[in-house]
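Okay, so here's the structure we're looking at.
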Amino acid sequence: MSEIEQAERPSDPDMTRRHLMSLAATATGAIGSAMLDLPARAEEKTTVSTDQIEKLLPGFRRSRIKTSGAEINTFVKGEGPPLLLLHGHPQTLVCWHKVAPKLAERFTVVLTDLRGYGDSSKPDGGKDSINYSKREMARDQVEVMRALGFEQFSAAGHDRGGRVLHRLLLDHPAVVTRAAVLDIAPTATMYAKVTKDFAMRYMWWFFLSQPAPLPETLIGNNLDFYLQTHINKQNKTPDAIDPIALEEYRRCYTRETLHAVCEDYRAAAGIDLVHDAADADKRIGCPLLVLWGEKGVVGSSYDVRETWREKATDVRGESLPCGHYLPEEAPELVIDRLGGFFT
């Protein structure tokens, strides 16, 4: 006999229904957690140790750099030309762990957590989520690189990091000598050409950008479930996400981070589009490499090279045999393409 069948049933019918619904919800939650092998609450996750991070990013020097609007968690390694790598959502700078050590043999590789993500600070969003506009997030990166002594540098951005990089290229055209964006089409293009299929597959673009506290409240009730589901949905390569890296993503995906993430997406659906419209005639002047996963949503929804040729004067690129997480699903190919392009 099941727990529900064994339960003492109140005499009042309404109380009985409420009692059974409560038990069913508890059972469903337990089943979901068991299937995902995740803890019941995000706050109870084990903190990833420095030793574990060292395994992923051996020899990287860690610092925290203050910018005009945030404090940015930064890792650096190498002696060659400077190369900035920017991560996406729902990850941290650790997403480059399969790529960065190898690139550091040829470049001074700089990894940062975007403001609002990882171990970087999470400022208030401000009116219209202005503090999470890609303009402000890009300014952070320019100031970080300047603090490290680099007035010019190459840069690559995946996912949200690619959107930050796009804005950086428009606002600071003399700073980046070569750029690469991974698995994105321009934000304004994607919003302007929304289809039902895209909206269903990229539902978080439209959910995370809803006014607070709706997404924060609903997702915050089970952060682990949302994080794991989000990653599973976009990863097309079994075992591509290293367990230590996943633990790091989970450690950093707090309710404070979730609110910052929502502010990032609210800015993308609002103030970022205003900035993009004002700069509609601007073109990226430096050489631009675009890479995308042939099994992902972006590659199946857009002619990725052509969307970027509307935004830049010198575009080259190709698809890679993977899903959304190129640096983790196809690291050797990413190392080869970025290394060749930036050398």
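The values are calculated or read from the model by the stated rules, or taken from the named source; none is laboratory data. Just so it is clear, the model here is predicted, and its values are computed rather than measured. Don't worry about glycine lacking a Cβ; one is built from the backbone with ideal geometry, like all the others, and counts go over all protein chains shown. These accessible areas exclude ligands, DNA and RNA; they are computed on the full protein's heavy atoms, side chains included. Shrake-Rupley method; radii C 1.70, N 1.55, O 1.52, S 1.80 Å.
For the reader, a short list of remarks on this structure follows.
- Surface share of carbon and sulfur [accessible, 1.4 angstrom probe, percent] for segment 259-343: 48 percent
- Label-point gap, in nm, between F207 and K233 - each point 7 angstrom along Cα→Cβ: 0.5 nm
- Acute angle (nearest 10 degrees) that the helix 134-147 long axis makes with the longest principal axis of the chain, alpha-carbon atoms: 60 degrees
- A Cβ-based charge dipole, computed about the Cα centre of the chain with Lys and Arg at +1 and Asp and Glu at -1, lands at about 740 debye.
- In summary, the aspartates and glutamates within cross-link reach of K102, defined as a Cα separation below 15 angstrom excluding same-chain residues under 8 places away, comprise E54, E79, E328, E332, D336.
- For segment 88-238, accessible area per residue (1.4 Å probe, heavy atoms of protein chains only), Å²: 35 Å²
- Ellipticity at 222 nm from helices only: DSSP H runs of n ≥ 4 in the chain, each -39500 (n - 2.57), divided by the residue count, give -13000 deg cm²/dmol.
- Heavy-atom accessible surface of segment 137-208: percent carbon and sulfur, 1.4 Å: 57 percent
- Amide H within-cut-off set for S120, under 5 Å, with H built and near neighbours excluded: N73
- Given (i) 21.3, 71; (ii) 21.3, 76; (iii) 22.0, 82, the label whose value is Rg and Dmax of the Cα atoms in Å derived from this model: (ii)
- The chain: antiparallel DSSP beta bridges as a percent of all, rounded to 5: 30 percent
- Normalised by the number of residues in the chain, the mean separation of alpha-carbon contacts (under 8 Å, six or more apart) gives a relative contact order of 20 percent.
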